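Undergrad: Pasting in a structure now, in structure tokens, and then I'll have a few things to ask.
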Amino acid sequence: MNPIEPKVIRSVRELQAWSDQARCDGRRVALVPTMGALHEGHLSLVRLAREHGDRVVVSIFVNPTQFGVGEDLAKYPHDLTGDLAKLRALGVDVVLAPAADEMYPPGVAPAWVEVEHLTRGLCGRSRPGHFRGVTSVVARLFNAARPHVAIFGQKDYQQLRVISALSRALLFGVEIVAGPTVREPDGLAMSSRNAFLGADARQQALSLNAALREVRRLHREGEREAAYLIEVARGRIEKEELAEIQYIELCDADTLEPLERIEGPAVMALAVFFEGTRLIDNTLLEAE
Ligand code: AMP
């Protein structure tokens, strides 16, 4: 594909007009929401978007409402120039890079969107208000880009489930497509936050994928007791002196309810701090 310069749009009204025109022309609009500092994980979602739509919009917006007090909003990486260069080769039509006032118009009563049940556990428990921020901005992005389809990463498994529920519950009619987790060659799941890891933490963070692989192997061999599988993962990660486990849980892959015993599709999800940097990862456990 020839490199094309994506059109950078900063105004929601302009994006709505662009999308209306694309829809009138019979085009299928695909949206990839991101917070920028793009890596190969994001770019894989953009490639997937090209397969599912014939017009691709990538949004780059560090959404303040999904960060809690004391979280890393202030130091979250920004690199719009670098991001645009990475998108150039991928055939992206539009990059939405709005100021906060575009997404949260001043002078109007704030409005929030909340998905229940699915947001209670896992990251919802450890980051109160996080998913309310995520769903509130994704609802706005859906109204801004009016996509037919939106692509989200399995890396944020709970987010993916929550957004699927959002689209169906509020009748957005946006098809939600999941992209597999992209990893570094040594297995660490790609994340914009990996840049904060020092050399030791970076090395020790490999324990997350190692633990999940071990759990997958045991599951494949027939182990079904959640408590045992969680203990195996915990034991592997606790070997690393910089690791502070926030949670390791084994849940039903659809409802995200914690399981005692695996009887259908399940997900192991975990969140671990390394020197103040919070990493998440997960694996699906499905019958072979
Ligand atoms: P973020 O910019 O971190 O908010 O992520 C934007 C989108 O990229 C979300 O749908 C994430 O799930 C997805 N994503 C982040 N990291 C990865 C990865 N390593 N592999 C695949 N998708 C990812």
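Undergrad: Past the 28 angstrom mark, what percentage of all C-alpha to C-alpha distances in segment 105-247 do you count?
TA: I get 33 percent for the Cα pairs in segment 105-247 exceeding 28 Å.
Undergrad: What lysines sit close enough to Lys7 to cross-link, taking a C-alpha to C-alpha distance under 26 Å and skipping anything fewer than 8 places away on the same chain?
TA: Lys86
Undergrad: Now, a different point. Once the Cβ-Cβ distance between Asp200 and Glu288 is put in as r, and R0 is 35 Å, what FRET efficiency do you end up with, to the nearest 0.05?
TA: 0.45
Undergrad: Ok, one more. How far apart, in nm, are the 7 Å Cα→Cβ label points at Thr255 and Glu225?
TA: 2.3
Undergrad: Further question: Residue by residue through segment 70-86, what is 3J(HN,Hα) from phi via Karplus (6.51 cos²θ - 1.76 cosθ + 1.60, θ = phi - 60°)? Round to whole Hz and write x for glycine and proline.
TA: Using θ = phi - 60°, the values come out as x, 8, 9, 4, 5, 9, 4, x, 10, 7, 4, 4, x, 4, 5, 5, 5 Hz.
Undergrad: If you take every residue apart from Gly36 with its C-beta less than 9 Å away from the C-beta of Gly36, what net charge results, scoring Lys and Arg +1 and Asp and Glu -1?
TA: Details: positive: none; negative: Asp79, Asp83.
With Lys, Arg at +1 and Asp, Glu at -1, the net is -2.
Undergrad: Rounded to a whole number, what % of the accessible area of segment 40-109 do carbon and sulfur atoms account for, probe 1.4 Å?
TA: Details: 1800 of 3200 Å².
Carbon and sulfur together cover 56 percent of it.
Undergrad: Same structure, new question: Work through the residues other than Gly179 whose Cβ is under 10 Å from its Cβ and net out their charges, Lys, Arg +1 and Asp, Glu -1.
TA: Local charge sum for Gly179: +2.
Undergrad: To continue, here is another question. How much accessible area per residue does segment 123-208 have, in Å², with a 1.4 Å probe?
TA: Per residue, segment 123-208 has an accessible area of 39 Å².
Undergrad: Between the helical axis of 226-238 and the dominant principal axis of the chain, each derived from Cα atoms, what acute angle in degrees is found, rounded to the nearest 10?
TA: The angle comes out at about 90 degrees.
Undergrad: What spacing in nm lies between the two simple spin-label points modelled at Trp112 and Arg10, each 7 Å away from Cα in the Cβ direction?
TA: For Trp112 paired with Arg10, the spin-label model returns 3.0 nm.
Undergrad: Can you list, bin by bin at 5 Å, the percent of alpha carbon pairs in segment 56-167, starting at 0?
TA: Going out from 0 Å in 5 Å bins, segment 56-167 shows 2, 10, 19, 22, 23, 16, 7, 2, 0 percent.
Undergrad: Helix 40-52 sits at what angle to the longest principal axis of the chain, using alpha carbons and giving 0 to 90 degrees rounded to 10?
TA: Once rounded, one gets 60 degrees.
Undergrad: Restricting to Cα atoms and excluding each atom paired with itself, what does the Kirkwood estimate give for segment 135-180 in Å?
TA: Hydrodynamic radius (Kirkwood, Cα only) of segment 135-180 equals 10.5 Å.
Undergrad: Take the alpha-carbon positions of segment 13-70, form their convex hull, and give its projected area averaged over all directions (one quarter of the hull surface) in nm².
TA: Computing the convex hull of the Cα atoms and averaging its projections yields 5.1 nm².
Undergrad: Something else about it: Which Rg and Dmax, in Å, describe the Cα atoms of segment 50-95?
TA: Final numbers for Rg and Dmax: 13.8, 40 Å.
Undergrad: Which three semi-axes in whole Å describe the equivalent ellipsoid of the chain, each the square root of 5 times a Cα gyration tensor eigenvalue, listed largest first?
TA: 33, 20, 19
Undergrad: Sticking to Cα atoms, compute the Rg of segment 168-253 to one decimal and its Dmax as the biggest Cα-Cα distance, whole number, in Å.
TA: That works out to 16.0, 47 Å for Rg and Dmax.
Undergrad: Still on this structure, I have one more. On a 0 to 90° scale, report how tilted helix 157-169 is relative to the longest principal axis of the chain, with both axes built from alpha carbons and the result rounded to the nearest 10.
TA: Its long axis makes an angle of about 50 degrees.
Undergrad: Something else now. For segment 218-288, count all C-alpha to C-alpha pairs, find those more than 17 Å apart, and express that count as a whole percent of the total. Don't skip to the end; give the middle numbers.
TA: Details: 1029 of 2485 pairs.
It works out to 41 percent of all Cα pairs.
Undergrad: What percent does the relative contact order of segment 84-184 come to when contacts are Cα pairs within less than 8 Å and at least six residues apart?
TA: On the way: 84 pairs, mean separation 23.7, N = 101.
Normalised by residue count, the contact order of segment 84-184 is 23 percent.
Undergrad: Sequence-distant or interchain residues sharing an amide H contact under 5 Å with Gly91, placed H: which?
TA: Ile4
The values are calculated or read from the model by the stated rules, or taken from the named source; none is laboratory data. None of these values were measured; they are calculated from a predicted model. Heads up, the Cβs are rebuilt from the backbone with ideal geometry, glycines too, and the neighbour counts pull from every protein chain shown. When the accessible area is computed, the model is the full protein with side chains, heavy atoms only, and any ligands, DNA or RNA have been set aside. Shrake-Rupley method; radii C 1.70, N 1.55, O 1.52, S 1.80 Å.
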